[in-house]
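Enquirer: Before I ask anything, let me first share the structure, which is written out below as structure tokens.
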Amino acid sequence: MRLTGRFTVVSNDLIQHPEMSAVARILGIYIQSLPAGTPIGIKDLAKQLPLGETSIANGLRELTLFGYLERSLESLPGGRIVTRTVSYNHPRAVGEVRPVHPGRPTRPAASVRPAASVRTPPPVRPGRPAPPTHPAPAVLPPAAPPPPPPAAPTAPGAAPASDPGLDPVPQPTPAPAPAPEAAPEAGPGPGPDAPDAPDAPDAPAGVRLPVPVRQDDPARRRLASEILAELRLADPRLLLGERDIKWLAGGVEAWLERGAGVGPLIAALTANLPDLPRNPAGLIAHRLAAQLPPRLTPVPRAPAFVPPDPFQICEGCERAYRSPAPGGRCNDCGPPRDGGG
């Protein structure tokens, strides 16, 4: 039967997406079926769908990553800040730009496309010399650096005479030498080291990681590193690097030393996470320090049970009394006398 109302047309690109989870695809289909203006917050969706808030948060994050959702903050007249979510049916154009900047790159992308305004040169086509003028400015920028190095005033005078003849002259000049010095500053080499350094300083600013009393326990250190490395299995937002794990392992050891189990420790580190944690390592460092459990006082143990001596028969009065060995006398009869009983 052909449907004439209450149906939604959904792209197969979303339904059959090879990289998104089933939860993300279900959320994408459900959101596209809702009318405009419907609240689609995590708690709102949890009331409508048989999914937990953590699963919904992960699904919305996937839809945002692949360009099916765009989330932005807006200020209301009363000063309240709300999240505005836009759903896309065909987000391929958005998905191409989003990996570069998760902010709001779709606007710049649209503004870059109007760069087709380069079509304005067609009116210049009658003046065909215009195309040669474009290569001319292309040559001018490289020519700009050489002028500063030559110190002799005669060199600039000869420059207009014949550029090819002057090319060998600027080459021997040490003008390019300072350029390599500036290159390492802008190079990406130091870039990766810089983010690692701030991770450790984040803790001294307001957080001091706990330290175990006994630090010479390789087995416990290995367990702490495994717990930190496997946090991403509990929540993908807690993906930590090796340097972060080495830095945080001491704090986890302090928890283990105080009797915290692996399950409760992971639950404390992964509960109520923000939607997009900017610094997962700093977040875990704060929780390790702020929620450090107290040391357990030793439980007083009852004294060991000592069974009483067995009953024996007194050789003097033949009454029962307790003694570790048979063949003796009770306290009333006393020890045997010398020479007879």
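Enquirer: May I ask you to list the residues in the range 46-92 that are aromatic (F, W, Y) and within 19 Å of the chain's Cα centre (by Cα)?
Expert: Once the filter is applied, which keeps residues that are aromatic (F, W, Y) and within 19 Å of the chain's Cα centre (by Cα), the range 46-92 yields only F66.
Enquirer: May I ask you to list the residues in the range 31-56 that are in a helix (DSSP H, G or I) and among the aliphatic types (A, V, I, L, M)?
Expert: I31, I42, L45, A46, I56
Enquirer: Does L256 meet the test of being within 17 Å of S55 (Cα to Cα) and modelled with pLDDT of 90 or more?
Expert: Judged against the criteria, L256 is not a match.
Enquirer: Can you name every residue in the range 286-326 that is in contact with an Asp or Glu (Cβ under 7 Å, 6 or more places away or on another chain) and of a type in the set (G, A, S)?
Expert: S323
Enquirer: In the set V23, V82, which member is touching a residue at least 12 places away in the same chain (Cβ under 8 Å) and not in a loop (DSSP other than H, G, I, E, B)?
Expert: V23
Enquirer: Residues to consider are A46, A109, A93; find the one that is small (G, A, S) and at pLDDT 85 or above.
Expert: Answer to the check: A46.
Enquirer: Please specify each residue of the range 37-78 satisfying the condition of being touching a Ser or Thr at 6+ places or on another chain (Cβ under 9 Å) and acidic (D, E).
Expert: Result: D44, E62, E70, E74.
Enquirer: So for the range 249-272 (the condition being under 16 Å from the mean Cα position of the chain (by Cα) and over 22 Å from V211 (Cα atoms)), does at least one residue qualify?
Expert: yes
Enquirer: Now for a separate question. Given the criterion outside any helix (DSSP H, G or I) and crowded, with 19+ Cβ neighbours inside 10 Å, identify the matching residue among G59, G28, G67.
Expert: G67
Enquirer: Taking N272 as meeting all but one of (1) modelled with pLDDT of 90 or more; (2) closer than 23 Å to E53 by Cα, write down the number of the exception.
Expert: For N272, the failing item is (1).
Enquirer: Of a type outside the set (D, E, K, R) and either closer than 16 Å to L209 by Cα or touching a strand residue (DSSP E or B) at 6+ places or on another chain (Cβ under 9 Å) (or both): which single residue out of L296, L292 fits that description?
Expert: None of the other options fit; the residue is L292.
The values are calculated or read from the model by the stated rules, or taken from the named source; none is laboratory data. The model shown is predicted, which means the values in this text are computed figures rather than measured ones. Note that we place each Cβ from the backbone using ideal geometry, even for glycine, and neighbour counts take in every protein chain shown.
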